[in-house]
Amino acid sequence: MRHLLPMKPSPKSPAPLLPAVQRLVENMHRAGRPPMHALGVAQARAFYDAGAPILDLSPPPIERVQALTIASRDGHPMAARLYADRSDQPLPVLLYLHGGGFTVGSLATHDVLCRQLSLYGRCAVVALDYRLAPEHRFPTAVHDAWDALLWLAQHAPSLGLDGARLAVGGDSAGGTLAAVCALMARDAGMPLRLQLLFYPGTTAHQDTQSHRLYQRGYLLERETVDWFFEQYIDRQDRDDWRFAPLNASEHAGVAPAWLGLAECDPLVDEGLAYADVLRLAGVPVDLDIYRGVVHGFVTMGRAIAQAGQAHADAGRALVAAWSEVAGPAG
């Protein structure tokens, strides 16, 4: 079953949470779950890493899981992980960029999601351990993501992959980076089959209606968003399109997009706005909005069943993209 809503801004009152999601939120509250902004960076990372296997599905088996190292432009060795089932033919490949407010998250926290995307999408997935803030502030994560996409386009054949069928994706902050990479690929003349975006951040300032409606009590607190961005970027840089891809001067010619949004999410209006801008620019957009769920739900499959539906929907979009005939970028 698809969980679709019309493309329109958030209503004036919050949408109801699904019962399972409401129970999850209440259980976290009763357990005294500290918000990210109340922790130091090291504690926040450890807390996020520890929570991932509790809320997520068990890792599905996959035939090929391979550690990679990708050099950034300044020579920093970035860890990456390749997921793929065995195939007699070169597989198309998705570069995946994890969420976590540019500050937390890792290959481990998104391991299940990447396995699911590989299986459902009938493709290889390369997950990137890009550098995090505050040690590495904007635009380091952008540079790392773009350098990895360039590397993957060049080295796909040596990994047994089809570099002519390449996509980029991510969730939350990783969705922001993926959208930025799609714009950069367009400008560089690099054809991409798809930009796969789970609840991406796209605006310069958190002032939408959904930010007001869901700023507290929906897991992603307003103070946590502010804290993430304070770690990552100076306030005077927030209008840069590499932080806020909605601010790009032109969106025509970018790769087709699939967006999977959470209804009860501060970022949902940003995703809707980005889908609108892409469609107005003539970019094919496939939009799924999942009712009654919160930001981050795609890595909470043990607690929120809709995560599995989102994985399958994203896989469907990838399979469709691999069969499309890619046109020239730009």
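The values are calculated or read from the model by the stated rules, or taken from the named source; none is laboratory data. Owing to the predicted nature of the structure, the values given are computational and were not obtained by experimental measurement. All Cβ positions, even for glycine, are placed from backbone atoms using ideal geometry, and neighbour counts span all protein chains on display.
Some observations on this one:
- Filtered residue count, segment 290-327, keeping only those that are of a type outside the set (Asp, Glu) and either at positive phi or outside any helix (DSSP H, G or I) (or both): 16
- Scanning segment 4-24 for residues that are surrounded by fewer than 17 Cβ atoms within 10 Å (Cβ to Cβ) and modelled with pLDDT under 95 gives Leu4, Leu5, Pro6, Met7, Lys8, Pro9, Pro11, Lys12, Ser13.
- The residues of segment 255-289 that are under 14 Å from Pro200 (Cβ atoms) and assigned to a helix (DSSP H, G or I), listed by number, are Val268, Asp269, Glu270, Gly271, Leu272, Ala273, Tyr274, Ala275, Asp276, Val277, Leu278.
- Residues in segment 17-60 that are acidic (Asp, Glu) and part of a helix (DSSP H, G or I): Glu26, Asp49.
- Residue tally, condition within 18 Å of Ala179 (Cα to Cα) and either basic (Lys, Arg) or surrounded by 21 or more Cβ atoms within 10 Å (Cβ to Cβ) (or both), over segment 133-148: 5
- Filtered residues of segment 191-243 (kept if part of a loop (DSSP other than H, G, I, E, B) and touching a strand residue (DSSP E or B) at 6+ places or on another chain (Cβ under 8 Å)): Pro191, Leu192, Arg193, Tyr199, Pro200, Tyr214, Tyr218, Leu219, Leu220
- Close pairs from segment 52-70: first of a type in the set (Asp, Glu), partner part of a strand (DSSP E or B), Cβ under 9 Å, at least 6 apart: Glu63/Ala84
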